[in-house]
Amino acid sequence: MHGVGGTTPERMLGDPRTVLVTGDDTAAVYRRAVDADAEQRPDDYRTEPIREAYCWCNLTSGNGARALWLILLPFMVANLAHWMRPAAPTGHKGHRVYDILVRLLALSLTVLLVAAACEVALDLTAWQCAGSAACSAGKSWMGFLNPGQGGAWSGPGRRIVIAAALPLLLVGFLWWLSRRTWSAYEAASPPPRRPGTSRDVPPAQRPALTRRGFWYGRRVVARLRAAHTAAGLLTIAAALLAAAVDFDRRTGSTGPLPAAGRALLVLVLLLTGLTVWVACRTARSEAEPDEHRDRFLVRALPFGALGVLALSAVHTAWARPGWVSGDRLPGSGAFGGIAVFQGLLVLGLLVTAGFLQSAARRHGHGDGRAALKGLHGAAVALLGCALGGVLTGGAAERLGDWLDGGASPGQAGAPIAGPPVLLSWQASVLPVLLVVVVAFAVLAAVQMMLVRRRVEPDIPGLYDQQERPDEDRVRRIAGTIARAGLTDSAPVLIGAVCVVTLVLGAGAVAGAWLTDRAPGRATEQAPLLVHTAAATAESLGSWLMGVGVLLLAVMGWRAYRDRSTRRTVGILWDVGTFWPRAAHPFAPPCYAERAVPDLTWRMATWTENNDGRLVISGHSQGSVLAAAAVWQLDLVTRSRVALLTYGSPLERLYGRWFPACFGPEALTGLHREMDDWRNLWRLTDPIGGPVRLTCEDGPSIDLGPLRDPLAFGRTLQHPLPAQILGHGDYQSDPLFEETRAELIDRLGACVPPQRDGKPPDPKR
């Protein structure tokens, strides 16, 4: 099992001639060509194992178009927060509260994205710019919307109805992408288990990753997709109705048209309540694969929202004499309501996570190494909201700057009023947040320098050498160890950024509220220096928002084109897409819902058909997939499997950030139920580390730290300077072959007789 960077089956098997055993172009199992018919020649394999390679890199990488998935980054982060809850006892009421809060926060992110699309298309473009002669001048593509030309579609209502096509296409694209990946990734069913082996422990008391329905989330994603699609459509309908109903209210219109608008608003509110109810009621059923069909009400929810949107569009496009577009589109203040709602949800998650962590400690489930003392789920949820704000605010601010022709939006003489005030305040606080990040980067550099100086004296003693130690070589090795250790400081950085983000976000909301209540007063009374600093911060923040959006797109494109960039950002992306879509259906698809069943089916069927035993080895993220697949095996098959991991983030990343699934108890239970387990790690590895199990029986699981580089200077075995490997190429270490041979020999001594009465193959 390869890791994040991916590789070819030829490189994994060390042979240029390989054949596909089972699978497809997306993920498959390969063998060397000489081993293709190994089962038919058992006598040839009494002294060596049959080697296979599982290649899954196409599940997460592909062409450059997948860089567009980075638009879904806030959704992925919100989904991660669902899996980061503390390891409280099973059945604790806090679990359900935590899950509901995360699902509501995920729903608010969908509303935020669609609202930003409405802000860009309906407000800035169709309402403000098209209604302003100074802004629409020179924009030929906007000519048919210009009120000065008196066209049929130049009225404010009809302009925003036409512009509503953009957010509608966005919602349709998200629905299509979610459904397409749902059928491709989440349709792999788990293999059948042997009778009696899965019923010895009640499903609710089993570790989560052992449950048969854990990697089968078709129904959950389908229900959430219906709810989020309806929420997006209702957001567009509300944006259209807000403008029409506001005009009818201000003009005191009477008759059937205003009454119809109020009725449609009531209908939107009712469907919104139903959407929230569906999202809150959508819980995962992990004991067995959930094959039930949703009720008609759930399946019809998006179609009902689409019908309401159509009626809202007809109502808004109805001719209203004297209607002209004004300052900003009515309802643009909803961004402040969304921000406040998300802040309350984050605070609720913080409190709930604290209760769960306390319950975990009382029942002996606590883990002192959990990130941010178990409060990391709330912190990551806040980061998801902040990312959503940067993406949406950046798009609106950049478009506003382009449409106003270089003027300052909202100032005297500007052709348009510009985006909502809250987005400008959020842009203003972004430079402050950047200063905090830079400060922590400086502290990290200082910490790295101190660690390097501390470990430098110990480096020469790790090697048998006669020559004088090379000081440059010592510094490079010590520097690599120091940089690798920065991974363990990530919780401190994330915690600090989240605290600053929460404070600055609250300040931005308060500032926007005060500005709306007394526009221009703060500017008039503020000293010139303060006013200049605020204007500079707003301008700089606006550009930073736009650059952030562009940087995400460029990084995403390079991550799928350039191998070195993928190794840099790939681990974070692969950790995010490893987990099933339990909170947000528009998040990038979970590749593990295809990879884990693949591996489980292969191991279960091969051991059953051949009465054999096997060693499954995995590097980096491949070790996480291997462990998850072993968990899915029944107890009989699991006892016939040994695990070899190297460069593994099982404890260092997954154990600390996802303690409910990869905490010490879960990893200890996995070790006791399988044949054996060994883990190789290096101090120079920024991703992998020791598993840190506390098992009292048997030898230690962790073997390390391994020497890296293998040789300090030039030797007979290494005539050229040995490379510092860090996270890669664990197979080059002699201990790797020794450990694998030890595990194979251990399995070979216990292989049962074959069904045809022939003696067992000791190396299978």
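Structure notes:
- Residue selected from region 721-749 under the condition assigned to a loop (DSSP other than H, G, I, E, B) and within 20 Å of H2 (Cα to Cα), by the criterion farthest from the chain's Cα centre (by Cα): D733
- For region 427-444, filtering for residues that are farther than 10 Å from V500 by Cβ and modelled with pLDDT under 80 leaves 3.
- Matching option when the condition is under 17 Å from R682 (Cα atoms) and either in a helix (DSSP H, G or I) or touching a His at 6+ places or on another chain (Cβ under 9 Å) (or both), among R483, R473: R483
- Criterion violated by H365 - all others in (1) open to solvent by less than 50 Å² (accessible area, probe 1.4 Å); (2) modelled with pLDDT under 85; (3) in contact with an Asp or Glu (Cβ under 7 Å, 6 or more places away or on another chain) satisfied: (1)
- Qualifying residue in region 709-720 (condition: of a type in the set (F, W, Y) and farther than 26 Å from V4 by Cα): yes
- Subset of region 292-336 (residues that are more than 30 Å from A133 (Cα to Cα) and surrounded by fewer than 14 Cβ atoms within 10 Å (Cβ to Cβ)): H292, R293, R295, F296, L297, R299, F303
- Residues (touching a residue at least 60 places away in the same chain (Cβ under 8 Å), open to solvent by 10 Å² or more (accessible area, probe 1.4 Å) and touching a Gly at 6+ places or on another chain (Cβ under 8 Å)) located in region 341-357: G343, T352, F355, Q357
- Residue in region 52-72 that is in contact (Cβ under 8 Å) with a residue 40 or more places away in the chain, buried (at least 18 other Cβ atoms within 10 Å of the Cβ) and polar (S, T, N, Q) present: yes
- For the residues T272, T282, the requirement of being polar (S, T, N, Q), touching a residue at least 12 places away in the same chain (Cβ under 8 Å) and within 19 Å of H95 (Cα to Cα) singles out T282.
- Given (1) in contact (Cβ under 8 Å) with a residue 60 or more places away in the chain; (2) open to solvent by 60 Å² or more (accessible area, probe 1.4 Å); (3) closer than 30 Å to R652 by Cβ, number of the condition A360 does not satisfy: (2)
- Residue count for region 308-366, restricted to those that are outside any loop (DSSP other than H, G, I, E, B) and farther than 30 Å from P207 by Cα: 21
- Odd one out for L20, checked against (1) part of a strand (DSSP E or B); (2) touching a residue at least 12 places away in the same chain (Cβ under 8 Å): (2)
- Within region 70-81, the presence of at least one residue that is more than 30 Å from T605 (Cβ to Cβ), in a helix (DSSP H, G or I) and not hydrophobic (A, V, I, L, M, F, W, C) is confirmed.
- Condition check for R46: touching a residue at least 60 places away in the same chain (Cβ under 8 Å) and either open to solvent by 10 Å² or more (accessible area, probe 1.4 Å) or more than 31 Å from the chain's Cα centre (by Cα) (or both): yes
The values are calculated or read from the model by the stated rules, or taken from the named source; none is laboratory data. Worth saying up front: this structure is predicted, and the values here are computed from it rather than measured. Methodologically, a virtual Cβ is constructed for each residue, glycine included, from the backbone with ideal geometry; neighbour enumeration extends over all protein chains shown. Accessible surface areas use protein heavy atoms only, side chains included; no ligands, DNA or RNA. Shrake-Rupley method; radii C 1.70, N 1.55, O 1.52, S 1.80 Å.
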